[in-house]
Amino acid sequence: MSNDGFTSQNGTGGGTYTNGPLLSPIALQPTTQDFMEGQAGCPTIAQSKAPLTSGTNPSRPYQQATEVSMYQNPSGSSLPVMPPVGPLRPMQPSQPDPNNHRMSMSPPSQSPTTLPVSNSYYQHPQQPTSWQYRGHPQIEAPSSGIQLCPVPSPGPSQVYRMGTATPSSFHSASQSPGHSPTSASGNNLTMPAAAYPLLPGQMSKADGTVYQSLPPGYQSMLGVPKPSPVLLPPQPYSLPSQQYQQPPIGPAQLSSSLAALSLQAQAPEALRVVNLLQERNLLPPGPIPAPTPCLPQDLQKLNCNPEVFRCTLTSIPQTQSLLNKARLPLGLLLHPFKDLSQLPVVTSSSIVRCRSCRTYINPFVSFLDQRRWKCNLCYRVNDVPEEFMYNPVSRSYGEPHKRPEVQNATIEFIAPSEYMLRPPQPAVYLFVLDVSHNAVETGYIDVVCQSLLENLNSLPGDSRTKIGFITFDSMIHFYNLQEGLSQPQMLIVSDTEDIFLPTPDSLLVNLSECKELVQDLLKSLPQMFAKTMETQSALGPALQAAFKLMSPTGGRVSIFQTQLPTLGIGALGSREDPNQRSSAKDVQHLSPATDFYKKLALDCSGQQVAVDLFLLSAQYCDLATLGCISRYSAGSVFFYPSYHNQHTPAQTERFQKDLKRYLTRKIGFEAVMRIRCTKGLSIHTFHGNFFVRSTDLLSLPNINPDAGFAVQMSIEENLLDMQVVSFQAALLYTSSKGERRIRVHTLCLPVVNSISDIFAGADVQAITGLLASMAVDRSVTASLTDARDAMTNAVIDSLTSYRTSVLAIQQPGLLAPACLRLLPLYILGLLKQKAFRTGTSTRLDDRVFAMCQLKCQPLAYLMYLVHPSLYRLDTLINEGPQNIDDHIISQPRVLQLSVEKLIREGVFLMDTGSEFYFWVGRNCNPVFLRQVLGVQSYADVPLNMNHLPELDTAESGRTRAFIGWLREQRPFYSVLHVIGEESPLKSIFMQNMIEDRTESALSYYEFLLHVQQQVSK
Ligand SMILES: [Zn+2]
């Protein structure tokens, strides 16, 4: 296998996303149809990342369009034609070490995989044999058939003959024929004030801002309208509004103004030479902000929030060869559905998009005159529709450039009917619970049922919301919750070979109409299986049942699993040898044992069903295989190793908090996300949980606010003559209230043609995040060793390039530009992270879960995993308090992750994202212990303390305020562990001291020496 490329899209199955499953590109009609592709019912299985060269590709309904978009197919050539895999060292004529493993920043090599299509799950409409009434759910296993039980168990003995249950509806994909796109004539723009919560300040910043034609690739357009009444003001791009008819400024002016803007002006700090071997502490005292792209201020003010959308390089190289020379990865990191405190929402009967490439109008388009705008992605000139002339914010006419769409890089549209192929689906939630003996032992069922009871009214949805439950052990138990029943009925299907739905119409019920029955069930479920002795787990058949039940509507399936599935299809055997956990040999079994879960996930994706997996287990569960059910259906994975209600109170607390967040967080259904970029740039590999439906379209049956994505890019055509390029991510989804909505984010970045400018714009956190995703793929497709080498080489390559191509004067030492000074530290953090570490005992599931997190967490959360923050707490009073929302919060500085920084007299907090470690030194001041922990001495610190007592002392208030403030920065809950030097958790704490040497891993300084050796070669 070639070591050049990071290739696979989702990392498993040895598959490669070949950047172009389509032999002919999807042609986009000049309508809104491209988003209709995302509707339910489109056959998708065969459109996996497999390249479909085998001719097995079924015709897709959205391929019928004939008009070819400029963007999709600029040259008439088909998209899959990619440059060959770029060896990463083209600039070095001779590579001394042939075994050097590199991360290819170039498009992946084409390595076709075909995904077998199997619909076997729902092709067996065999009939159940009999129905029996059973008085108690824990009756001995019947040989076949289904039983009908009331829940809970009292009741007379009575046999119901139910006849047959034909799962006839499972085949119908439930989509209705698309509405034909209607013309946008006579559209009224309605913008309710409440739906458009722009602050006055936001509106005013728009005043007078006009964006002129930026890329001179469209020279012919430059001289078109010539009213030109006033001279240009000095700032580029910024014109008073009355100069609206100003013709676009020419490329020469632009160049000079951009040049005047001067990368040099900003560069000095970013490019300041840092000798890593000499400057010991490189950490800034507080959070690290994203670098600001070097754009004219007016343009930058409108740019997308980097927390939502950012690029590894905030200055885009003009050519691929320049990018290759810099040896930095080019890619985007997205957090597209992030909870936002402010989001402009536009209700419009027509949404203005480029007729050619379907880009949504955005702040970075240019208005040639009042009636025409030029697309910033494909440069087509489009007409400004009449209704766009009215500005709902100022309630004035004739100011299209002041419309909210042109003033906000992040905006949401409520989609008109042509964005729908079927009525928006209701919110549908199905909970599938493991009720085997093992599951009951952990006690998790109580927590789930209690949490659901508490949050039932907070589930996102409306009057159409549906809910259902399945439980399983060796059999599958359904629950009839039909309105009118006096109590829930349990229906048991024991034949797990050919799973069918006993009463398809009464298993998913309207939540508001059947709330009492649902509550009854949740109250009785924990007891129903309390005495079960059933140890088997038929997870695969339970998932098939869930798929059948959800297919007609789509929605969210939440699976709770506590052991390896042992029965029926999808049963797994243990693949982990505990003795090998810390061996130096490569880690095996990172890829799935069977493709059952992946195939089922793709079936789910095709029916707009996402599957979220909660894994609670002390034993090996083969997350590498089970996780596929979520990965390809755009679900989430939660993992609670060694979960037990009583024995692991901290885990229980986290599980409870996670459940609350999970049940109540925003959710989007039947979603698709398309990422577009300026002509010349090309997207080639995606990272995250999704299914790639076409070259740039991700199928996301569900989208949630905690999902992150990464995209690798390449430069297909030189970006000569372009000053800026843009990227646009558009997420079409159905809200839980049944509205079709489109959230659009647009990012604009400058193009540069010097390698020092590329380095000056490097975003070290984004680079780390993208490299982490690439390395996860590499671990699966090649090996862990290979991935580790490739990460190290990414550091060596970029610093070598910096030394040879940027530095004018050679100096001794290991030199890095200030903006990349943390790259070696972050990469070392990754090498010591659970996902990639070696030599330390790491359970396979822990490792795989860490890999899942690196692939699908938003960058902000991911950085906690790469480099935890360490603070000293017992000296808080001395550290610059900040007034945050009228609270004084101390802001201790972030310390290096080294035991050097720990002193026995101190108390420290390590923030690893999901956990806080509150480390108490042996010689800590007893006053602090009394005032913060409420104990008299170090010896009295309890071993398993998870909360700080609320004491009425200044120290207690300060400490809790700081920890509380940290918690507020993230939507998930961080469990606190108070640890002393004897604590069992001390080893985990110490493993995070990534600057220190361990038996099997280099210290930071040793790592730097290793890198220096390679760079100096
Ligand atoms: Zn366009």
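The values are calculated or read from the model by the stated rules, or taken from the named source; none is laboratory data. Everything quoted here is computed from the prediction, not taken from an experiment. A quick note on method: Cβ atoms are made from the backbone with ideal geometry, for glycine too, and the neighbour counts reach across all protein chains shown. All accessible areas refer to the heavy atoms of the entire protein, side chains included, with ligands and DNA or RNA removed. Shrake-Rupley method; radii C 1.70, N 1.55, O 1.52, S 1.80 Å.
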*Qualifying positions in the range 327-375 - among the aliphatic types (A, V, I, L, M) and within 16 Å of the ligand (Cβ to nearest atom)*: Ile351, Val352, Ile361, Val365, Leu368
*Hey, among the residues in the range 858-876 that are open to solvent by 30 Å² or more (accessible area, probe 1.4 Å) and touching a helix residue (DSSP H, G or I) at 6+ places or on another chain (Cβ under 7 Å), which one's farthest from Gly769 (Cα to Cα)?*
Asp874
_Those residues of the range 840-863 which are among the β-branched types (Val, Ile, Thr) and at pLDDT below 95, in sequence order_ = Thr840, Thr842
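Table: residues versus (1) part of a loop (DSSP other than H, G, I, E, B); (2) open to solvent by less than 30 Å² (accessible area, probe 1.4 Å); (3) aromatic (Phe, Trp, Tyr); (4) within 16 Å of the ligand (Cβ to nearest atom).
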{"position": "Leu377", "(1), (2), (3), (4)": "yes, yes, no, yes"}
{"position": "Asn382", "(1), (2), (3), (4)": "no, yes, no, yes"}
{"position": "Val393", "(1), (2), (3), (4)": "yes, no, no, no"}
{"position": "His401", "(1), (2), (3), (4)": "no, yes, no, no"}
{"position": "Val406", "(1), (2), (3), (4)": "no, yes, no, yes"}
{"position": "Glu412", "(1), (2), (3), (4)": "no, yes, no, no"}
{"position": "Glu418", "(1), (2), (3), (4)": "no, yes, no, no"}
{"position": "Arg422", "(1), (2), (3), (4)": "yes, yes, no, no"}
*Checking Ser474 against (1) in contact (Cβ under 8 Å) with a residue 60 or more places away in the chain; (2) away from the ligand (no atom under 16 Å from the Cβ); (3) at positive phi, which single condition isn't satisfied?*
(3)
*asked:* What's the number of the only condition in (1) within 30 Å of Gln723 (Cβ to Cβ); (2) of a type in the set (Val, Ile, Thr); (3) away from the ligand (no atom under 16 Å from the Cβ) that Val448 fails to meet?
replied: (1)
*Being open to solvent by less than 10 Å² (accessible area, probe 1.4 Å) and under 23 Å from the mean Cα position of the chain (by Cα) is the filter; apply it to the range 319-334 and report the residue that is nearest to Val308 (Cα to Cα).*
Leu334
*Kindly check whether there is at least one residue in the range 430-445 that is among the hydroxyl-bearing types (Ser, Thr, Tyr) and under 19 Å from Phe337 (Cβ atoms).*
no
*Test result for Thr594, farther than 26 Å from Pro426 by Cα and open to solvent by 30 Å² or more (accessible area, probe 1.4 Å)*: yes
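Return a yes/no flag: does the range 440-449 have any residue that is in a loop (DSSP other than H, G, I, E, B), at pLDDT 95 or above and touching a helix residue (DSSP H, G or I) at 6+ places or on another chain (Cβ under 6 Å).
Looking through the range 440-449, none of the residues is in a loop (DSSP other than H, G, I, E, B), at pLDDT 95 or above and touching a helix residue (DSSP H, G or I) at 6+ places or on another chain (Cβ under 6 Å).
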_Tally up the residues in the range 816-848 that are in contact with a Lys or Arg (Cβ under 8 Å, 6 or more places away or on another chain) and assigned to a helix (DSSP H, G or I), please._
5
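Condition test on Pro705, is it surrounded by 21 or more Cβ atoms within 10 Å (Cβ to Cβ) and not in a helix (DSSP H, G or I)?
Working: surrounded by 21 or more Cβ atoms within 10 Å (Cβ to Cβ): no; not in a helix (DSSP H, G or I): yes.
So Pro705 fails the test.
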*Quick check: is even one residue across the range 558-578 open to solvent by 10 Å² or more (accessible area, probe 1.4 Å), assigned to a helix (DSSP H, G or I) and over 26 Å from Pro858 (Cβ atoms)?*
yes
*If you go through the range 651-691, how many residues are part of a strand (DSSP E or B), open to solvent by 10 Å² or more (accessible area, probe 1.4 Å) and closer than 18 Å to Val609 by Cβ?*
0
_Anything in the range 947-969 that is surrounded by 16 or more Cβ atoms within 10 Å (Cβ to Cβ) and either in contact with a helix residue (DSSP H, G or I) (Cβ under 7 Å, 6 or more places away or on another chain) or assigned to a loop (DSSP other than H, G, I, E, B) (or both)? List them, or say none._
Leu948, Leu951, Glu955, Ser956, Arg958, Thr959, Phe962
*If you check every pair at least six apart or on different chains, which have Cβ atoms under 6 Å apart with a residue in the range 345-370 that is in a loop (DSSP other than H, G, I, E, B) and open to solvent by less than 10 Å² (accessible area, probe 1.4 Å) first and a residue that is within 11 Å of the ligand (Cβ to nearest atom) and of a type in the set (Phe, Trp, Tyr) second?*
Cys357/Tyr71; Val365/Trp373
*Output the qualifying pairs, or none if there are none: Cβ atoms under 6 angstrom, residues six or more apart or on different chains, first residue in the range 541-555 and within 13 Å of Gly468 (Cα to Cα) and among the acidic types (Asp, Glu), second residue open to solvent by less than 10 Å² (accessible area, probe 1.4 Å) and part of a loop (DSSP other than H, G, I, E, B).*
none
*With the checklist (1) assigned to a strand (DSSP E or B); (2) open to solvent by 20 Å² or more (accessible area, probe 1.4 Å) in hand, flag the one item Leu453 doesn't pass.*
(1)
*asked:* I'd like to know if the range 294-315 contains one or more residues that are in contact (Cβ under 8 Å) with a residue 40 or more places away in the chain, open to solvent by 10 Å² or more (accessible area, probe 1.4 Å), touching a Cys at 6+ places or on another chain (Cβ under 6 Å) and away from the ligand (no atom under 16 Å from the Cβ).
replied: yes
*Considering Gln482, Gln489, Gln519, Gln527, which residue is open to solvent by 20 Å² or more (accessible area, probe 1.4 Å), closer than 16 Å to Val428 by Cα and either out of contact with any Cys (no Cβ under 8 Å at 6 or more places or on another chain) or not aromatic (Phe, Trp, Tyr) (or both)?*
Gln482
*Among the residues of the range 970-995, which ones are among the charged types (D, E, K, R) and buried (at least 19 other Cβ atoms within 10 Å of the Cβ)?*
Glu995
*State which residue is nearest to Leu322 (Cα to Cα) when the search covers only the range 778-811 and only residues that are in contact (Cβ under 8 Å) with a residue 40 or more places away in the chain and in a loop (DSSP other than H, G, I, E, B).*
Leu807
*Looking at Phe928, Phe908, Phe916, which is the one that is open to solvent by less than 40 Å² (accessible area, probe 1.4 Å) and assigned to a helix (DSSP H, G or I)?*
Phe928
_Please count how many residues of the range 531-547 are surrounded by 24 or more Cβ atoms within 10 Å (Cβ to Cβ) and among the hydroxyl-bearing types (Ser, Thr, Tyr)._
1
